[in-house]
Amino acid sequence: MTDLHVRLPRRRPVLYRAPRVPGAVLERTRTTAAWVAGGAVVVALLGVVGFVLPELQTAAVGAALLVLVVGLTAYEPVALPILAMPALVVVQRVGGGGVDLSLSDFALFGAFWFALFFSPRPFSRPMRAMIWLSVVYQVATLFTVIVNPFTANVVEWFHAWVSVAGALVLGWAVGRSGRARLGLTLFLAPCLAIAAQTCLVALQQLAAGNTGPVYIDAPIAMHKNFIGCVLAFAALTAYARPWWVGWPRWFSLGAFWLCSLGVLAAQARQALIGLAIGIMLITLRGDPDRKRSKLILLAAIPAIYFVVLAVQEQLASGNQFNSANQRLTWYADSIDVWQRSPWVGMGLRWWTAGVTEFVFQPPNVELEVLSSAGIVGLAGFLVLFLGGMAVLWRINPRFGTLAFSMLMMRFVQGQFDLFWVSVQVTVPFVIVGVCLGAEAYAESRQAAREETGRELPLDELRSVREMAER
């Protein structure tokens, strides 16, 4: 008898679906329709009350929003964290008098509480490690808050904690609830709109003979460095295209190239370098679910070389007010500020409080933390970032590669520009939280499958079969 060696085709991991329970889809549809119809009726009635009785208009609008929030949360406990994902890139500033926050901050703050109380528990071990690392940084910067008691210092201390720990919890809620695909897609949507507008403005400038960087004035004013950093986050997420997100190849590649073109059009050098390093990390580490072409490195390496040449040209130009030479002046002034209080610094956001004669934010993360929180604060910052990257490097590469690369990219960006600015800090930690939550969700589904076989407790459970493998 002859042995037949049959080569089976290599199959990618597939999304596992439990057998459909008869009538379950219809029942779920009815439940959804009932919630939507009931909520719409109540909101409509409150709207009518506000229209008929103008003196109750504010109360009616508030009550309608409250009913909407309660209804969404009752149907989907993490609805608000999911819906907050696209708002995380809204940079419009509000406030004043030492309290200068963005709409992104308010969206994060509001959604954080729903994520904190309604997200699945317990936190996974890597998630707990990331939270404790953020605590270390907060304790390290608490000394400068005590020594330098001014409003912006206190506000920024809480703001930094929400931007890191709050963002992690929000991302965890989205990923752990099995909504990673929806959450990341909602995040990517406004980024694609920003990228498209950036490319359109760049084409208009080129047609007029202007080869300078792109600044957007409407509908929301956006600086070139903000555009570059945010689009770099989106481009790296699209390039990584984790299998558990489930994006089709055409969508991911299209989003990656559009956002990358937006980074180039903005001419944000720190974003370009960070994106190049992030792409190299993802490409060289490898992916258990797909093979990545190394040809992308042919574009990443010249991008870094181009930035180096541009900086060298500016330094040699003799113009003391160009970007490179101005940064050298700011570096020297930042060291001067730090030397006035080397251990605990001059206070978070000292440049807004009038405590020195300087009014600039240091364009380097180490100098910013040194001048703000001193040596103690810098030690806490390094523990947060280096410790965080060590935690993310050790988790399952299906989830950890994107998270590690995102954190590394932000760290690299901070070497050449402002670091503690709301959106550019929030977004990387939210994506890290999504990755950690998605890993915990996959492991819980894997455990449920092993315990119950194919008779899983829900009608549909989205899980990649090999997700939990180490």
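The values are calculated or read from the model by the stated rules, or taken from the named source; none is laboratory data. Please read these numbers as outputs of a predicted model, since none were measured by experiment. Positions of Cβ are backbone-derived with ideal geometry, glycine not excepted, and every protein chain shown enters the neighbour counts.
Here are the numbers for this structure:
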{"item": "Where a residue in the stretch 308-324 is without any contact (Cβ under 8 Å) to a residue 12 or more places away in the chain and its partner, wherever it lies, is of a type outside the set (Asp, Glu) and assigned to a loop (DSSP other than H, G, I, E, B), with Cβ under 7 Å and at least six apart", "result": "GLN314/ASN322"}
{"item": "Residue, farthest from ALA202 (Cα to Cα), within the stretch 246-268, restricted to residues that are surrounded by 22 or more Cβ atoms within 10 Å (Cβ to Cβ) and not polar (S, T, N, Q)", "result": "ALA255"}
{"item": "Residue, nearest to ALA238 (Cα to Cα), within the stretch 275-313, restricted to residues that are among the small types (Gly, Ala, Ser) and at pLDDT 85 or above", "result": "GLY278"}
{"item": "Unmet criterion (only one of (1) over 28 Å from TRP257 (Cα atoms); (2) surrounded by 14 or more Cβ atoms within 10 Å (Cβ to Cβ); (3) aliphatic (A, V, I, L, M)) for ILE296", "result": "(1)"}
{"item": "Checking PRO122 against (1) part of a helix (DSSP H, G or I); (2) modelled with pLDDT under 95, the condition it does not meet", "result": "(1)"}
{"item": "Test result for ALA316, out of contact with any strand residue (DSSP E or B) (no Cβ under 7 Å at 6 or more places or on another chain) and closer than 24 Å to SER260 by Cα", "result": "no"}
{"item": "Close pairs from the stretch 201-228: first under 26 Å from GLN415 (Cβ atoms), partner charged (D, E, K, R), Cβ under 7 Å, at least 6 apart", "result": "PRO213/LYS224; VAL214/LYS224; TYR215/LYS224; ASN225/ASP417"}
{"item": "Neighbours by Cβ (under 6 Å, 6+ apart or cross-chain): first from the stretch 359-377, free of Cβ contacts under 8 Å to residues at least 12 places away in the same chain; second not β-branched (Val, Ile, Thr)", "result": "VAL359/TRP351"}
{"item": "Number of the condition not met by SER252 [criteria: (1) under 20 Å from the mean Cα position of the chain (by Cα); (2) without any contact (Cβ under 8 Å) to a residue 12 or more places away in the chain]", "result": "(2)"}
{"item": "Test: GLU357 is of a type in the set (Asp, Glu), part of a helix (DSSP H, G or I), farther than 30 Å from CYS435 by Cα and more than 25 Å from the chain's Cα centre (by Cα)", "result": "no"}
{"item": "The listed residue being buried (at least 16 other Cβ atoms within 10 Å of the Cβ), over 18 Å from the mean Cα position of the chain (by Cα) and either among the hydrophobic types (A, V, I, L, M, F, W, C) or at pLDDT 95 or above (or both), out of PHE150, PHE158", "result": "PHE150"}
{"item": "Filter result for VAL359 (of a type in the set (Val, Ile, Thr) and closer than 17 Å to VAL425 by Cα)", "result": "no"}
{"item": "Members of the stretch 344-358 that are of a type in the set (D, E, K, R) and either in contact (Cβ under 8 Å) with a residue 60 or more places away in the chain or closer than 30 Å to ARG128 by Cβ (or both)", "result": "ARG349"}
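Each row is one residue, and each column tells you yes or no for (1) within 16 Å of VAL412 (Cβ to Cβ); (2) over 23 Å from the mean Cα position of the chain (by Cα); (3) part of a helix (DSSP H, G or I); (4) of a type in the set (A, V, I, L, M).
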position	(1), (2), (3), (4)
LEU275	yes, no, yes, yes
ILE282	yes, no, yes, yes
ARG292	no, yes, no, no
LEU295	no, yes, yes, yes
LEU298	no, yes, yes, yes
ALA303	yes, yes, yes, yes
VAL307	yes, yes, yes, yes
VAL311	yes, yes, yes, yes
GLN320	no, yes, no, no
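One line per residue, one yes/no per condition, for (1) at pLDDT 95 or above; (2) assigned to a helix (DSSP H, G or I); (3) more than 29 Å from TRP172 (Cβ to Cβ):
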position	(1), (2), (3)
LEU188	yes, yes, no
ALA193	yes, yes, no
GLN197	yes, yes, yes
VAL214	no, no, yes
PRO242	no, no, no
VAL245	no, no, no
LEU264	no, yes, yes
GLN270	no, yes, no
